[in-house]
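What follows is a single structure, written as structure tokens, with notes after it.
The values are calculated or read from the model by the stated rules, or taken from the named source; none is laboratory data. As the structure is a computational prediction, the values presented were derived from the model and not from experiment. Cβ: placed from backbone, ideal geometry, glycine included. Neighbour counts: every protein chain shown. Only protein heavy atoms, including side chains, enter the accessible area calculation; ligands, DNA and RNA are left aside. Shrake-Rupley method; radii C 1.70, N 1.55, O 1.52, S 1.80 Å.
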Amino acid sequence: ARGRASEAEESLKKALALDTDGRRARVFLKGIYDLSGRGGDSEKIVDWFWEFNNAQIQRAGKLEAEDYRYVAEAVKGHDTESKKVAFRHFMRAYRADPDLHEAYLGAGDLAIEVHDWMRAERSFRALLDRNPRHPLGHLGLALVNLAASNMKEAEEAARKALGVNPRLAGAHLVLAQLHLVDDRMAEARKEIDAALETNPV
């Protein structure tokens, strides 16, 4: 979140050394590999999660709620079929555990990625039904409204997100884009600087 990827990677590798089956650490480590363009390392984690997914389903017929989410996070960017599996797994995760907020976020973010605005909005609203103050839920709605050119609603949602977490870089960037649309350059720069203060990279 602060852009300090090398420190994050070091901590995650320590976590995996302590727990070689650590799914949560592996998912975050894959995110770092993706950000830094290390496709081979990322692919190894994808393969690990496919093997884990298949072994668990063969053994028990299903996964635990958290594991549905971890598999979905790992494979969602692989190809079209993997995205479909990921979306179904996110839904299985929050149906198995309605308080697993990360699963709603994962489903919403994936729906945005494939431009399925209705599913994205439905996922974020389902999260906000569980927790009306979840900043990433409001940010998700802001992004959906921004994509649909619903500028007023996008601004309201972004400001709700910042009302909970004033350092949420994504919400500052939504406001920056809205200011740019209206040629308010100074206001846009202020929001961009606020985002960079949280995450300099």
> Residue check, residue 183 against (1) exposed (fewer than 15 other Cβ atoms within 10 Å of the Cβ); (2) among the charged types (D, E, K, R); (3) outside any helix (DSSP H, G or I); (4) touching a residue at least 24 places away in the same chain (Cβ under 8 Å), all met but one. Which one?
Replying inline: (4)
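Taking the stated definitions as given, is residue 136 closer than 24 Å to residue 195 by Cβ and either in contact (Cβ under 8 Å) with a residue 60 or more places away in the chain or open to solvent by less than 40 Å² (accessible area, probe 1.4 Å) (or both)? So that I can check it myself, show each step before the final result.
On the way: closer than 24 Å to residue 195 by Cβ: yes; either in contact (Cβ under 8 Å) with a residue 60 or more places away in the chain or open to solvent by less than 40 Å² (accessible area, probe 1.4 Å) (or both): no.
Against the criterion (closer than 24 Å to residue 195 by Cβ and either in contact (Cβ under 8 Å) with a residue 60 or more places away in the chain or open to solvent by less than 40 Å² (accessible area, probe 1.4 Å) (or both)), residue 136 does not qualify.
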> What number of residues within region 34-59 are open to solvent by 50 Å² or more (accessible area, probe 1.4 Å) and in contact with a Phe, Trp or Tyr (Cβ under 6 Å, 6 or more places away or on another chain)?
Replying inline: 1
> Counting just the residues of region 74-91 that are open to solvent by less than 70 Å² (accessible area, probe 1.4 Å) and basic (Lys, Arg), which one comes out farthest from residue 46 (Cα to Cα)?
Replying inline: 83
> Residue check, residue 115 against (1) assigned to a loop (DSSP other than H, G, I, E, B); (2) more than 14 Å from the chain's Cα centre (by Cα); (3) surrounded by 14 or more Cβ atoms within 10 Å (Cβ to Cβ), all met but one. Which one?
Replying inline: (3)
> Only one of (1) under 20 Å from residue 94 (Cβ atoms); (2) part of a helix (DSSP H, G or I); (3) open to solvent by 60 Å² or more (accessible area, probe 1.4 Å) is not met by residue 124, so which one is it?
Replying inline: (3)
> In the list 145, 150, which residue meets the criterion of being at pLDDT 95 or above, buried (at least 19 other Cβ atoms within 10 Å of the Cβ) and over 12 Å from the mean Cα position of the chain (by Cα)?
Replying inline: 145
> Out of all the residues in region 13-33, which are open to solvent by less than 80 Å² (accessible area, probe 1.4 Å) and under 18 Å from the mean Cα position of the chain (by Cα)?
Replying inline: 23, 25, 26, 27, 29, 30, 31, 32, 33
>> Would you confirm, using the coordinates I've provided, whether residue 164 is touching a Lys or Arg at 6+ places or on another chain (Cβ under 7 Å), open to solvent by less than 60 Å² (accessible area, probe 1.4 Å) and of a type in the set (A, V, I, L, M)?
In response: yes
> Any residue at all in region 190-198 that is crowded, with 22+ Cβ neighbours inside 10 Å, among the hydroxyl-bearing types (Ser, Thr, Tyr), assigned to a helix (DSSP H, G or I) and out of contact with any Cys (no Cβ under 9 Å at 6 or more places or on another chain)?
Replying inline: no
